[in-house]
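K.L.:
Handing you a structure now.
The values are calculated or read from the model by the stated rules, or taken from the named source; none is laboratory data. All values reported here derive from a predicted model rather than from experimental measurement. Every residue, glycine among them, receives a Cβ derived from its backbone with ideal geometry; neighbour counts consider all protein chains shown.
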Amino acid sequence: MSGKIDLRKLPPLNALKGFEATTRRQSVREAAEELCLTHPAVSHQIQQLEEDLGVALFSREGRSIASTPEGRLFYGYARKALELLVEGSETVRRSHAQRPLRVQTYVTASLRWLAPRIPAFSAAHPDIRLLLSTCAAEWDFDESLADVGLVYCETPPGPEFCWVPLFDYRLFPVCSPALRARLPARPAPRDLLALPLVVIYSEARNWDLWFESAGVAYQPDAGVVVDTLALALEFALGGSGVALVNGPFVDAELASGRLVQPVEHAATCAGGWGLICRRELRDHPRVSAFIDFLRPAGPA
């Protein structure tokens, strides 16, 4: 072991989170939203650090802030320290063989694609426990919270990650047969403008993209706005609107006739759905078992 650390010289460690996020975003408000704290709480953390270090870390002009030279200098050390702590924590967590395999995905992908496949995976790998976490609005894979992600990436992730493509981000509309009956016998994409369209606020551009790819001018109206595709599909199943699907999440409903595709046009967007993990974890037995069970046939 190395010599004793003089802990009296440490700054307030809890305040480093607020300082790092504020410096990176150059905004106390955005840092507070990211950390799920109040604006005064983050401001207090920064004040604690400034009092402890005896320097101003930010200059303030009205509602705007900017890092001081001392703030930029300290940020480099704080960032490295936090990254090392995260790396060490994750190394210890991953070494615990009995800990569940943590899987990050989204509500709809979990309910409509992953969940139906979990019983077969658990039967094949009874020794692997899974912990599924879903997020409604945050699209990025968070390696501090999960070992594996089933996520959408517009572009392939960096070299530090292993990426296994699953399926395209393909947009197509669905609705109930009753709502479809309100359209002409052979409807064109523009005919959907006469129906209520369900908009997902985190994917509000998708209807623009779909109509644009069909060569139809589209002006968003005050239709139903929801926070997840899962909820949009409930509106579609209830006959209250047309939902825009971004993957193979309604195969069962289309097969049974509970939902129909009112027009055949689909738009394939950039990127796609896939499985992601840290590259060094790809060959871990539990991670490998999960990815290999779900990935399409062929090389990863």
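K.L.:
Are any residues in the stretch 198-217 closer than 19 Å to Y169 by Cβ and not in a helix (DSSP H, G or I), and if so, which ones?
P.N.:
V198, V199, I200, A204, A214
K.L.:
When you look at R258, is it free of Cβ contacts under 8 Å to residues at least 40 places away in the same chain and of a type in the set (D, E, K, R), yes or no?
P.N.:
Here the answer is no, as R258 does not meet what is asked.
K.L.:
Would you check if D227 is within 17 Å of the chain's Cα centre (by Cα) and in the same structural domain as A267 (by TED's automatic domain parsing)?
P.N.:
yes
K.L.:
Out of L183, L166, L197, report the one residue that is surrounded by 15 or more Cβ atoms within 10 Å (Cβ to Cβ), in contact (Cβ under 8 Å) with a residue 12 or more places away in the chain and more than 19 Å from A236 (Cα to Cα).
P.N.:
Step by step, each of L183, L166, L197 is checked, and only L166 is surrounded by 15 or more Cβ atoms within 10 Å (Cβ to Cβ), in contact (Cβ under 8 Å) with a residue 12 or more places away in the chain and more than 19 Å from A236 (Cα to Cα).
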